[in-house]
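A quick write-up on the structure given underneath.
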Amino acid sequence: MINEFKNSPVIPVLTFNDVNESLKISEILIQEGLTNLEITLRTPNAMSCIEAIVKEFPMANVGAGTIIKKEQLLQVQNIGCTFAVSPGATSSLIQEAKRIDMNYLPGASTPSEIISLIEDGIFFQKFFHAGNSGGYKMLQAYANIFEEVQFCPTGGIGQKDFQDYLNLKNVVCLGGSWMVNTKTMSLNDIQIEAKSITSVI
Ligand code: 3PG
């Protein structure tokens, strides 16, 4: 999983409810080189959107986000997700991901949460909510403490600071929704934003 993320280290975190819109936006992002997509399970049609995107763009690495119930792991695996992301973690989520052999990225923000994941053998962790948990400066401090842990910070990251995160030695990739805001951005705006990201990563 880490290698796929290293190849395209900015992961759009997408909340879709309309299948057609989800396909149009995903096409733009993938064409521009953002080939790792996280679709959150926060809308009634999120699963249908994921299913359509997986079918239409087999070259992309499509994962599901906001996994908070263990049953969701098998559901998203069955519709073709290649990874699953949670804002936090519990032992039942971790055990279920292991049982079904799903690439699983659980979240942590405090030292105790990070240590707890280390105890579960998880050395690639989502740092959530990055912006409200000390940002890249906190991750920089964690690099000296948790030398073996690699992070995917997510939450509150934007155009202004994503490169600061990517420059850290303990950051493999990061997630964010800033490149897609369907309320304020046209498809053209999304393409321009995606291009501006891929031109520097
Ligand atoms: C999320 O869970 O929505 C992600 O962390 C994205 O956060 P963002 O919208 O602040 O980028």
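What follows is calculated from the coordinates using simple rules that are stated; it is not laboratory data. Computed from a predicted structure; not experimentally measured. Note: ideal-geometry Cβ built from the backbone for every residue, glycine included; neighbour counts use all protein chains shown.
Per residue, what volume in Å³ does the Cα convex hull of the chain take up? Intermediate results must be reported in sequence, preceding the final value.
Working: hull volume 21.5 nm³, N = 201.
Considering the Cα atoms of the chain, their hull volume per residue is 107 Å³.
Here the extension length gained between Q95 and T184 equals 28.1 nm, from 0.36 nm per residue of separation less the Cα-Cα distance.
Just how large is the dipole of segment 1-78 about the Cα centre, in debye to the nearest 20, putting +1 at every Lys and Arg Cβ and -1 at every Asp and Glu Cβ? Please report the intermediate quantities before stating the final value.
Values: 6 positive and 9 negative charges, 54 e Å.
The calculation lands at about 260 debye.
Evaluated with a Cβ-only charge set (Lys, Arg +1; Asp, Glu -1), the chain carries a dipole of roughly 160 debye about its Cα centre, given to the nearest 20. In the chain, Cα pairs under 8 Å separated by at least six residues give a relative contact order of 21 percent.
Just how many pairs of Lys in segment 2-195 have C-alpha atoms closer than 14 Å, counting pairs that are eight or more places apart or on different chains?
Working: K6/K169; K24/K55; K70/K98; K137/K169.
Going through segment 2-195 pair by pair, I get 4.
Of interest is the spacing of the C-alpha centroids, which for segment 158-187 and segment 20-74 amounts to 17 Å. Near the amide H of T66, within less than 5 Å, lie the amide hydrogens of L41, V85, all on another chain or at least 5 residues away, with H placed in the peptide plane. Per-residue ellipticity at 222 nm computed for the chain from its helices equals -12000 deg cm²/dmol, with DSSP H segments shorter than 4 residues left out and the rest contributing -39,500 (n - 2.57).
Please give the length that would be gained between D120 and N17 if that part of the chain were fully extended, namely 0.36 nm times their separation in residues minus their C-alpha to C-alpha distance (nm, one decimal). All intermediate terms of the calculation are to be shown ahead of the outcome.
Numbers: separation 103, 0.36 × 103 = 37.08 nm, distance 3.41 nm.
Gain in length upon complete extension: 33.7 nm.
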